1. Looking at region A:419-428, is at least one residue part of a loop (DSSP other than H, G, I, E, B), at pLDDT 75 or above and on the phi < 0 side of the Ramachandran plot?
2. Filter region B:124-146 down to residues that are within 11 Å of chain A (Cβ to nearest Cβ) and either surrounded by 24 or more Cβ atoms within 10 Å (Cβ to Cβ) or modelled with pLDDT under 95 (or both), then give me how many there are.
3. Which residue out of A:75, A:84, A:137, A:103 is within 27 Å of residue A:272 (Cβ to Cβ) and in contact with an Asp or Glu (Cβ under 7 Å, 6 or more places away or on another chain)?
4. For region B:117-144, give me each residue that is in contact with a Phe, Trp or Tyr (Cβ under 8 Å, 6 or more places away or on another chain) and within 25 Å of residue A:247 (Cα to Cα).
5. Please find, within region A:329-342, the residue that is nearest to residue A:357 (Cα to Cα) out of those that are at pLDDT 95 or above and in a loop (DSSP other than H, G, I, E, B).
6. Considering only region B:168-179, state which residues are within 7 Å of another protein chain (Cβ to nearest Cβ) and either small (Gly, Ala, Ser) or within 12 Å of the chain's Cα centre (by Cα) (or both).
7. Given the condition farther than 23 Å from residue A:266 by Cα and at pLDDT 95 or above, answer yes or no: does some residue in region B:42-57 qualify?
Amino acid sequence: MKRIDHAEASSKFIEAKDNADFHDRRLWDLRQKRDREKEKLPEWEELRTIASAIKEHTLTHLADYLEEFERNAVRNGATVHWARDAAEHNEIVYRLLHDRGARTLVKAKSMLTDECEMRPFLERRDIAVIETDLGERIQQLDDEPPSHIVVPAVHKLRTDVAEVFAKTLGTDPKNSDVHYLAESQRQTTRPHFLTADAGMTGANFAVAETGTIVVCTNEGNADLSVHLPKLHIVSVGIEKIIPKIEHLGVFVRMLSRSALGSPITQMTSHFRSPRAGTEMHIVLVDNGRSERLGMSDFWYSLKCIRCGACMNTCPVYRRSGGLSYGATYSGPIGVIIDPAFDLRKYSALPFASTLNGSCTAVCPVRIDIHEQIYKWRQIMSERNQLPFVKKEAMQLAGKVLGNPRLYRAALAAAGAGLEHLPRFMMYNRLNAWGRQREVPRTAPATFRQWYLANRGQK
Amino acid sequence: MSTRDDILARVRSKQPAPQPLPDVPLFKPDPRPLLEQFEAGLVRMGGKFVNSAGTGDADAVVRRLFPDAKVICSATPEVTGNRLLATVGLPADLDDVDVGVVRAAFGVAETGSVWLTDTAFGVSALGFLSQHLVVLLDTERLLPGLQQAYRQRQWFDARYGVFLTGPSATADIEGVLIHGAQGVRSLTVIGMPA
């Protein structure tokens, strides 16, 4: 698998300046909305601690809770399937559809089905898959993966959407009014809801004590996908289990506040049992999760509730766009999940971070994201996955920083260099720090010089 | 070994050292009157609140709110409408409904949400295919917060239940808020004793 070059892909993203500027502003706005919501809850920090502890408890007893969930789901009249990996998941879904003669599937957003690359798999087998979330539909029609786990088309401007819809839905290419575009999607998706053979959702939470699947949406598309067809398929990662209904009181309070800065999603839907005359099938998917559970540094990432707060706050994500990560999961959470799927392919991602820790500070389930990013960097270095320039630079830096005399000499030379070097020597391909930014002015003296002059005698 | 047993065995062998399950306290609820909070929460999420305690005639309120509605389908005895739920064969038959009417079991002050179930709807698609939704709510049945609501295990025995908070909405294009993305274009909660 080819190594993803995040820096290279980001530089392309930045070239579309209007998109890049809007992307940065929009996501920062979501972060600020999140802040305003959490300020209203005096118990916010305690909720984060409790949410984290519930998840850690569940993950350390996961097998028992999975069995409890299965028992209750079966008692409710649902059928439970198990999939080791993406291939098994896709095959199960295909069999369910094929055996019932189903040719059309309306589906709500599910990162797991993206992770499994289910849509192309089904389409190759003549099953029409219609994404029904507006952002996800835009991405499907543009033949692009989602760029953000909550707002999939956030990297696009209204004019981009107008272009996509004109080509695929036959709308007026000159009309980029957002109401017109959204209404066009509503009108063109509705016939699919009315006639689809099957519906599919993901799951935000799966409750062990009742066998309930909880799905949070704003558009109502998950409910429309379930309440019309005769078959409801749920794809759920095994880490989505929570023990009890009362725990939803913690997670539902945090999810949308963290994601969008709203107190709750417009719909928080609880699917426990299929309606009369219909079927509900739940596919529990491992796909690398049990492996990650055994990684002592990285199993905490399984606590993730996919709110996207870490992406909205990340300065690198906001300025590089989700697609530049070349993976289903982007942003800080992607950086710590993706290398577990494919170390070499995603070896550059842990370097797409300034290690500022903002992701960790906003995470509703207290995942130590920036510390995990740092640990992944160490693994990349140990397994020889650093690109040549970075490796050479790091070795040189290691020598200089490890030797006080060399360090002082280098500082003096750098200070002089920064002041007097001609621009072409500072701002070129070899100096990554000189790209897209001006190097700051150097201080007139180093701390050591100041210390020796002012305190050295005492 | 079956896939199921294989996954369970693998999970069991990889599980880190057991961590305890924390107690979840009921945090101190917002001191403001419940109805005031509920209304503010609902309006914030794009919903409308109408208190009909004075008139007691929900039918009249619905007609006044939606004078142009051709098809009104009600799952409540208080509102008559002109489409009988009993005649609905397939959920898709509700495609032409202008206004759906349903009664909520309770509301949540913290968020402005109403709790609706498959039994309340009769046909659950009513809450999503209708162009507009009217929800009757006894304002005596307000809980302070989501945590209090999720402590009532028996309510979650419904086959299907939803906390509905305002109409269908999206901000997927440039963050511009649109009501009526896929489901109902508007949500009106009428305060009316059960």
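1. no
2. Result for region B:124-146: 8.
3. Residue meeting the stated conditions: A:84.
4. B:117, B:118, B:141, B:142, B:143
5. A:330
6. B:168, B:169, B:175
7. no
Condition check ((1) buried (at least 23 other Cβ atoms within 10 Å of the Cβ); (2) assigned to a strand (DSSP E or B); (3) in contact (Cβ under 8 Å) with a residue 60 or more places away in the chain) across all residues:
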| position | (1), (2), (3) |
| --- | --- |
| A:180 | no, no, no |
| A:222 | yes, no, yes |
| A:233 | yes, yes, yes |
| A:262 | no, no, yes |
| A:274 | no, no, yes |
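The values are calculated or read from the model by the stated rules, or taken from the named source; none is laboratory data. Quick caveat, the model's predicted, so the values are computed rather than measured. Don't worry about glycine lacking a Cβ; one is built from the backbone with ideal geometry, like all the others, and counts go over all protein chains shown.
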